[in-house]
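Novice: Can you keep this structure in mind? I'll have questions shortly.
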Amino acid sequence: MSWLATIPLLLFAVVVAFVPGYVMGWALRIPARLRVFLSPLLSFALVAVSAIVLGKTGIAWSLISFVPVAAVLVAAAAGVMHLVGRRWPALASASWPGNDVPVAWPVVGAVLGGFLVLHMTEDMVYGPEAFSQSLDNSFHMNAIRWIQEHGDASSLTLGAVSAADQQPAFYPAGWHDFVSLIYSTTGTSIATATIVTVLLAAGILWPCSLVALSLSIPKLRRLQALAIPAMICGFAAFPGLLLRWGVLFPNLLGYALLPSFVALMVYLVQVMVRGEYATLLSLCLSVLVGVAGLALVHPNAVVSAMVFALPLVLAGVAWIVRSRELASRQKWVRSALLGLVILGCVGAWWFLRPGASASNTWEPMLTEGEALYQFLFLGLENGNQLGDTFNPSHVVGFLALWGVGYLLYKRRNLWLIASWALIGYLWIIAATVPRGDFRLLMVGPWYTDHFRLAALVVFPSVLLAGIGLGGAVEGLFVRIMHAIPRDKQVKVAPALMGASMVLVLVVAGLTSRVPSVQETTLAVSKEYRVTPSSVVVTQDELNVINEIPKIVPKGDTIVNNPWDGSPFIYALADRHLTSYHFEFQTSPKYAAIINDLKDAATNPEVCREVTQYRAYWYVHMENQLNFGPDAQKNYDALVEASATDLMTPVYSSGPVVLYRITACDNS
C-alpha cells in the first residue's frame, strides 16, 4: 500500500474525529470560532463514553451503534443547556473571553506545522502497513482484534487483553475505540488503521489543539499565534519518543489533545477571575466532557493538563487578592472558585496514578547538569535506555528562551514560564533522581518514565518558542516601521506585515531541518521495519505469521511464549493464542500444556486441555533481546517437547517453526 492510498482512510478518520465533537460543541454553545478546534477532544469523549454505554448494554461496538448513542449524549447536553437557559438565562451565554487574534492567523501556522509533522511522522513509521517493533504494541494491536471479536470496546473491560485469565479490567480505551472504528468501517488492516490514527494525532489533532490554545491565551500577539502551531515541526521528541518507546499510542493521542483541554482551563480561569459567570455553565460542561475524553484516552494526560494549568490558577488567585477594584466578598467568592480548581488539579495529580509496582520500574539516566542542559536545548531524546545519543535542538531551545525573556520583559502571561519550568522540573526528577519515595511521589503519574515527560516538555516549549519567534519578528517589524517616514507607514505596513508572516513561517519551517529532528526520525523508523534482525518480529517470524491463516483452522488455539514476537499472531493472523501479551505468569487454564506437554502420555490433564481449548499448535519464535529473562523458564518444557515426536513441524522459515501438537491425536 502507498501513502496515497491512505488518503481516503485519513479523511474518514478526520470526519470521525471532528464531526461528533463539533455537534457536541454546538450543543454546549461553544463559540463558533473555537468549535472546530475543540471538537476532537469532545469527539473522543463521545467515542469512549459511548463504548462504555454499549459495553454495558451488550450491543456490539461499531460506527452504526456509536452514532445513536453519541446522538443521545449530544441531545442530553443540549437539553441541559436549554433547560438551564430558560430557568437562569444569565448562566447560559455563548460568549467566551479570550484574545482578539483572528482565527486565520493560527490556522495558517497549523497548516504549515501540521503538514511538516505529518511528513515527518510518515518517515518515522516507515510505511502505511508497518507496525511498531515493541512489546506493548502487541497489546495495542491485539486490543483492536479483541474489540472486533467480542464487540466490547469498553474501557471498563479492555484490560482483559493482557490479563493472564482474560478477566475484565480497566484500561483507558479511547485510542483503541477510535482505531477499531477505522478498522471495522473501512476494511483496512489493523496495522494500517493504527498508522492512520498516528498520522491523525500527530499531524492534524496536535496543531489543531494548539490553535484552540492560541485563541485563548490573553494578550497573545498575532505573529505569535501564527508561530505557535507552525513551530511544532522543529520538535522531534513529540511525537517521536512516544512512537518509539513503549509504544505509547494512548499517550500520543492524549498529548495531542492536551492543548485543547488547557485552552478550556484558560477560559475557565479567565471567567472566574473576571466574575463573568454568564459563560460558566457552557464552560464547566465543556470541561467535564473534556476531562472524560482525556481520561479515557490516558489518565496521565489529565494530570499533565492540571500540572500545566496550576500556575495559571495560582496566578489568578494572586491577581484577585492584589486587586483594589474588587470588594472583599467578590475576592472571597472568586478565590473560592479558583480554590476548587486547585483542589481538582492536586487531586488529579494525587489520585490518577498507577500502582507503585507499575511506576517504580525505570532508573535515572542523567546527572542534574546534563538533564538541565538537555531540557533547555531540547535534547530530550538523550539519556535513554537504548544507549542512543542525539544532537540537542539549539535553535528551538534558543527561541524558547527568547520567549521566556519576552514574557518577562512584557510582564505578560508569566504563568507560561512557571508551567514550562514545572514540567521541566518533573522531567529532571525522572531523568536524574534515584528510585525512591520522592521520585515515586512526584512523577508516579507518568510511571516515573522520563520518556513520557520528555514528550510532555515539548508542549510548553512549543508555546514559548512560538512566542519568542513571533515577538522577535514583531520587534523587527516595529523597528523598521519607526525608520520609515510617518506619511509612508500606512502604505508600507500591509506589505511589511505580510513579509513578517512569511519570515515567521520560513523560520518555523526551517527548524524541521535541524539534525535532532533528522536523527530522531531515523531512529524511530528503525523500530517499524521488519528485518532479519528486528527486535520483536523478524522477517522469518513474519513469514510464519503470514502462513498461519492458511494452515491453522479459525477455531484453534496456538500455544506460544508471549515474550517473543508471537503475540502479534492474534492481530495479524486472527488466530487465538494461549498468551496475547507479555506477562509474568501463564494462564492457569493452559498450565498442563505449558508445563507438562512432554508427559502427555502419563498426565491425562494435558490432552484434556489440548482437546478442550483446541490447542493443537505450538509456534517457536526467537527472543532477540532476551525480554523477560526470568520468565523464560516457564516455557522451557515446550522447547523440550518440540524436539520430540510429540510435535510435528508444519511450516518453518529459518529458525522459526510452526508445530502441530500430535501428542494427543489418539486420545
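Novice: Mind counting the residues in the stretch 55-105 that are of a type in the set (Phe, Trp, Tyr) and under 30 Å from residue 219 (Cα atoms)?
Specialist: Selection size over the stretch 55-105: 2.
Novice: Starting from the stretch 431-455, take each residue that is at positive phi and list its partners that are of a type in the set (Val, Ile, Thr) and part of a loop (DSSP other than H, G, I, E, B), counting only C-beta distances under 8 angstrom and pairs at least six apart or across chains.
Specialist: 447/361; 448/361
Novice: On the basis of being aliphatic (A, V, I, L, M) and either over 21 Å from residue 628 (Cβ atoms) or modelled with pLDDT of 90 or more (or both), does residue 535 make the cut?
Specialist: no
Novice: Residues that are within 26 Å of the chain's Cα centre (by Cα) and surrounded by fewer than 19 Cβ atoms within 10 Å (Cβ to Cβ), at least 3 per element: which helices (runs of 4 or more DSSP H) completely within the stretch 536-601 meet that?
Specialist: Result: empty, no element qualifies.
Novice: Here is a follow-up. Looking for something over 30 Å from residue 217 (Cβ atoms), among the small types (Gly, Ala, Ser) and touching a helix residue (DSSP H, G or I) at 6+ places or on another chain (Cβ under 6 Å) - is there at least one such residue anywhere in the stretch 33-54?
Specialist: Checked against the condition, which is being over 30 Å from residue 217 (Cβ atoms), among the small types (Gly, Ala, Ser) and touching a helix residue (DSSP H, G or I) at 6+ places or on another chain (Cβ under 6 Å), the stretch 33-54 yields at least one hit.
Novice: Can you confirm whether the stretch 485-504 contains a residue that is in contact with a Gly (Cβ under 8 Å, 6 or more places away or on another chain), crowded, with 18+ Cβ neighbours inside 10 Å and at pLDDT 90 or above?
Specialist: yes
Novice: Residues to consider are 109, 79, 114, 98; find the one that is free of Cβ contacts under 8 Å to residues at least 40 places away in the same chain and either in a helix (DSSP H, G or I) or in contact with a Pro (Cβ under 9 Å, 6 or more places away or on another chain) (or both).
Specialist: 79
Novice: For the subset of the stretch 239-276 comprising residues that are charged (D, E, K, R) and part of a helix (DSSP H, G or I), which member is surrounded by the most Cβ atoms within 10 Å (Cβ to Cβ)?
Specialist: Per the criteria, the residue is 244.
Novice: Here is a follow-up. Looking only at the stretch 535-558, decide whether some residue is closer than 30 Å to residue 389 by Cβ, hydroxyl-bearing (Ser, Thr, Tyr) and out of contact with any Cys (no Cβ under 6 Å at 6 or more places or on another chain).
Specialist: yes
Novice: In addition: When you go through (1) open to solvent by less than 40 Å² (accessible area, probe 1.4 Å); (2) in a helix (DSSP H, G or I); (3) closer than 22 Å to residue 215 by Cβ one by one for residue 19, which number turns out not to apply?
Specialist: Every condition holds for residue 19 apart from (1).
Novice: Which of the residues spanning the stretch 297-328 are closer than 30 Å to residue 159 by Cα and either open to solvent by 20 Å² or more (accessible area, probe 1.4 Å) or not in a helix (DSSP H, G or I) (or both)?
Specialist: The answer is 298, 299, 306.
Novice: Something else: Looking at residue 179, is it farther than 25 Å from residue 541 by Cβ and touching a helix residue (DSSP H, G or I) at 6+ places or on another chain (Cβ under 6 Å)?
Specialist: Answer is no for this residue.
Novice: Within the stretch 425-440, does at least one residue satisfy the condition of being under 21 Å from residue 214 (Cβ atoms), in a helix (DSSP H, G or I) and at pLDDT below 90?
Specialist: There is no residue in the stretch 425-440 that is under 21 Å from residue 214 (Cβ atoms), in a helix (DSSP H, G or I) and at pLDDT below 90.
Novice: Output the number of residues of the stretch 619-667 satisfying the condition of being in a helix (DSSP H, G or I), at pLDDT 85 or above, of a type in the set (Asp, Glu) and out of contact with any helix residue (DSSP H, G or I) (no Cβ under 8 Å at 6 or more places or on another chain).
Specialist: Number satisfying all stated conditions: 1.
Novice: Residue pairs, Cβ under 6 Å, 6 or more apart or interchain, first in the stretch 349-367 and open to solvent by 60 Å² or more (accessible area, probe 1.4 Å), second small (Gly, Ala, Ser) and modelled with pLDDT of 80 or more. List them.
Specialist: Listed by first residue and then by second, the contacts come to 353/444; 365/431.
Novice: Scan the stretch 22-68 for residues that are part of a helix (DSSP H, G or I), among the charged types (D, E, K, R) and in contact (Cβ under 8 Å) with a residue 40 or more places away in the chain and jot them down.
Specialist: Of everything in the stretch 22-68, those that are part of a helix (DSSP H, G or I), among the charged types (D, E, K, R) and in contact (Cβ under 8 Å) with a residue 40 or more places away in the chain turn out to be 33, 56.
Novice: Going by the conditions given, is residue 473 under 21 Å from the mean Cα position of the chain (by Cα) and either touching a residue at least 24 places away in the same chain (Cβ under 8 Å) or not in a helix (DSSP H, G or I) (or both)?
Specialist: no
The values are calculated or read from the model by the stated rules, or taken from the named source; none is laboratory data. If you're wondering where the values come from, they're calculated on a predicted model, not measured in any experiment. Because the Cβ atoms are built from the backbone with ideal geometry, glycine has one as well, and the counts that use them run over all protein chains shown. Surface accessibility is based on the protein's heavy atoms, side chains included, excluding ligands, DNA and RNA. Shrake-Rupley method; radii C 1.70, N 1.55, O 1.52, S 1.80 Å.
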